[in-house]
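First up is the structure itself, then whatever we jot down about it.
Just so it is clear, none of the values below were taken in a lab; they were calculated from the coordinates. All of these numbers come straight from a predicted model, not from anything done at the bench. Because the Cβ atoms are built from the backbone with ideal geometry, glycine has one as well, and the counts that use them run over all protein chains shown.
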Amino acid sequence: MEKASGSPLRRAEKQLLKEQVYEEELPKALKRTGDFLVAIDTRRNWILIDAASRKKAEEALDLLRITLGSLKVTPLATRDRPTALMTTWLSKPDERAEGWTIGEFCQLESPSGSEGVIRAAEVDLDSDEILQHLEGGRICSALAIARTDQLALQLQDDLAFKKIKFDDALLEQADTGEDEASQFDADAHIRIPTLAAVAEELITLLGGEVSPVREETADSPTEATQAA
């Protein structure tokens, strides 16, 4: 354009050209898409979100707000800290709740967080080495646990569930052998109630839910418990 006119473009002309190119090329740009699996438990007043991170869970809540018009939520909180329960189960096998077992992964931290993080995977968590770390004052901030005949998961210190794996016998009940939509419905009817029941039992072991300190609104940050 500068060659055609014989003079350099003015700032306003450059801005106009930039906007025109942007409008023309935007539809061609690569778009990132993703899916969220969200279950609303009306009996317990919970929202269960299958997301890769807390940030993604918040994005799912934002989409729900856009869809519903408004949505007030509070982070799920319990009377006892998950770190206290996980540390007790790890250090005192006799105090593990009936029907619950620990797996082969844990994450240990110092209370101040200044001494680094120890992650143990595919090891015997009842070993003397793990016990020595706990006796040295470290706490458990993530632990692989399992509810017998239900599912296995990694419990996080913020109550998030990661690496959820349902019992094979449960999944066989949901195997319809039909089309994809029917299989999705069958899976949901098995997985969601099972997950909610296990979460409810675990919350009871943590002393039960506590009243929220404040209500989260559409204009404030939100948090949610994750099924990931």
Spatial extent of the range 82-205: Rg and Dmax, with the Cα atoms as the point set, Å: 16.6, 55
Tell me which residues come under 5 Å, amide H to amide H, from LEU37 once H is placed; ignore anything under 5 positions away on its chain. ASP50
Taking the Cβ of ALA146 as the center, what net charge do the other residues with Cβ under 14 Å away carry, scoring Lys and Arg +1 and Asp and Glu -1? -1
Using only the alpha-carbon atoms of the range 87-149, report the extent along each of the three principal axes, biggest first, to the nearest angstrom. 38, 20, 19
Calculated FRET efficiency, SER53 and GLU13, Cβ-Cβ r, R0 41 Å, to nearest 0.05? 0.40
Förster radius 35 Å - calculated FRET efficiency between LEU131 and ALA39, Cβ distance, rounded to 0.05: 0.35
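For the pairs LYS55/LYS163; LYS72/LYS165; LYS56/LYS165; LYS72/LYS162, note any where the Cα-Cα span goes beyond 28 Å. If you can, show how the numbers build up before the last one.
Details: LYS55/LYS163 17 Å; LYS72/LYS165 30 Å; LYS56/LYS165 20 Å; LYS72/LYS162 25 Å.
In this structure, LYS72/LYS165 exceed 28 Å between Cα atoms.
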Calculate I(q)/I(0) for the range 28-103 by the Debye formula, one identical point scatterer on each C-alpha and no solvent, and give its log10 at q = 0.18 Å⁻¹ to two decimals. -0.91
